[in-house]
Amino acid sequence: MKRLSLILSTAAVTALAMILHSCSVQPCYEDTDPAMNTLLLVSGTGETAKADSLRVYTYRETDTLKFISLRGASTFSVPLDPANDESVFLITLNGVTDTAAIRYNRRPHLVSPECGYTIVSEITGLKTTHNIIDTLIIENKSVNLDGQTNLHLFY
Amino acid sequence: MAKRTCIFFISLFMVAETVAFSQDTVTVPLHVRAGFDLSGPVMKLVSNDLISYGILGSADINSSIAATAGIRYSSFKSSEVLYDFRSRGLSFTAGVDYNFIKANVSQGKYYAGIGLRYGLSFYSEEAPMLRYTNVWGAGETSVPLEQHTGHFLEITPGVRTQLLPGVTVGWNLYMRLLISAGAGKDLKPVWMPGYGPGTSGMSTAAEYYISISIPYRKVKVYIKPKVRDSEEEETEGENTGTGNTTGTSGFSNRL
């Protein structure tokens, strides 16, 4: 009986500890912003390109959103608009600007109970001008938190 | 003459003791039990966010193994800064419990063992409001009510003892392993009824239950005699003086 009492009390303490742990508020440590990752490539050879200068931005009714302004970049990551099914980006590569319109489906994704939900997307299509961009192709249509390359930009 | 009488009586005592402890079977009652989880209603007094009512039943197959099953209704709501979430549903578990306590000690009254169960959860989930923020700005959307079926495994170490004749109380700790939440990778439930946080592959919980225990059959259980080496026997003989040990039977007074 002593053994049983010991087991019983150990179980009670363990259970109480677990309940108290589950009641405590946990902070969010995870990445909650899905980004569309683009790799810059040299048209013709397919080798990784390094842009002397790169700017990515968009015009809105009230303001201009600047996403990227880099030198010597070979990749860039931009978030898609979670409120719309299309995002338009102005991409200035080595001083020459092109416009790329990305279409996608959106769906909520639970990151964790602590961090809540985010919006992930599935790219359905794209259009681009060809001032400097030769080709813009979809490599992986899922824009989520995995960090995989979504687009290949040849110029 | 006196010497002969003494030897005779000593021999008689030895024979008597051997007869008394040579029994190597014990009759154990097998029970069916039905009860409910006390921790659910108690936790409801603390918080209304999680409501969980469970009933469980078990039937002894033999002195060590019992078939067990349970039904649980759970309702969960969470209102955070970033989202509101609700889920509710019924979960069913079925499996076996193994009692580590030997039959001659437990006598159908005590249990300290481990169980393995398969669980099935039929639940609905929704997120009536969720907020997101990124460089484009902030917004709100929602996840409509959806029905899902989840699967999980439970490993349940626990103890049980007889409180009154026919009434048992016990603890079970639950270590649950998620097989599938059934909601896809994007809408894993914040809380899956019967399992816990659906974003985690493993969850833990505890249950304090009271149950009615009814004996339905008696079985004879063979108790393996304890093998002792002669050295140990001699030592114990010296300690106890009267030689009040188990001998061949294995029924020790310490038990």
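The values are calculated or read from the model by the stated rules, or taken from the named source; none is laboratory data. From a predicted model like this one, the values you see are computed outputs, not experimental measurements. For neighbour counting, all protein chains shown are included, and Cβ atoms are generated from backbone atoms with ideal geometry for every residue, glycine included.
Annotations
- When the range A:31-80 is filtered for residues that are within 14 Å of chain B (Cβ to nearest Cβ) and of a type in the set (D, E, K, R), the ones remaining, listed by number, are A:Asp31, A:Asp33, A:Arg60, A:Glu61, A:Asp63, A:Lys66.
- In the range A:98-115, the residues that are at the interface with another protein chain (Cβ under 8 Å from one of its Cβ atoms) and either within 14 Å of A:Val143 (Cβ to Cβ) or touching a His at 6+ places or on another chain (Cβ under 8 Å) (or both): A:Arg107, A:Pro108, A:His109
- Residue in the range A:139-146 that is on the phi > 0 side of the Ramachandran plot, assigned to a strand (DSSP E or B) and surrounded by 16 or more Cβ atoms within 10 Å (Cβ to Cβ) present: no
Okay, residues lined up against (1) at pLDDT below 85; (2) part of a strand (DSSP E or B); (3) in contact with a helix residue (DSSP H, G or I) (Cβ under 9 Å, 6 or more places away or on another chain):
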{"residue": "B:Gly184", "(1), (2), (3)": "no, no, no"}
{"residue": "B:Val190", "(1), (2), (3)": "no, no, no"}
{"residue": "B:Thr199", "(1), (2), (3)": "no, no, no"}
{"residue": "B:Thr204", "(1), (2), (3)": "no, yes, yes"}
{"residue": "B:Tyr208", "(1), (2), (3)": "no, yes, yes"}
{"residue": "B:Ile212", "(1), (2), (3)": "no, yes, no"}
{"residue": "B:Glu236", "(1), (2), (3)": "yes, no, no"}
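- Pairs meeting the criteria (first residue in the range B:80-107 and modelled with pLDDT under 90, second residue of a type in the set (Asp, Glu), beta carbons under 6 Å, at least 6 apart or on different chains) are lacking.
- For the range B:178-210, the set of residues classified as under 19 Å from the mean Cα position of the chain (by Cα) and farther than 20 Å from B:Leu90 by Cβ consists of B:Met202, B:Thr204, B:Ala206, B:Tyr208, B:Ile210, listed by residue number.
- Residue count for the range A:33-63, restricted to those that are modelled with pLDDT under 90 and over 25 Å from A:Thr135 (Cβ atoms): 4
- Residue check for A:Ala83: within 8 Å of another protein chain (Cβ to nearest Cβ) and either touching a helix residue (DSSP H, G or I) at 6+ places or on another chain (Cβ under 8 Å) or surrounded by fewer than 17 Cβ atoms within 10 Å (Cβ to Cβ) (or both): yes
- Residue list for the range B:38-61, restricted to those being at pLDDT 90 or above and more than 19 Å from B:Ser124 (Cβ to Cβ): B:Leu38, B:Ile55, B:Leu56, B:Gly57, B:Ser58, B:Ala59, B:Asp60, B:Ile61
- Pick from the range B:114-142, criterion surrounded by 20 or more Cβ atoms within 10 Å (Cβ to Cβ) and either more than 12 Å from chain A (Cβ to nearest Cβ) or among the small types (Gly, Ala, Ser) (or both), ranking: nearest to B:Ile101 (Cα to Cα): B:Gly115
- Residue count for the range A:114-135, restricted to those that are of a type in the set (A, V, I, L, M, F, W, C), more than 19 Å from B:Glu140 (Cα to Cα) and touching a residue at least 60 places away in the same chain (Cβ under 8 Å): 1
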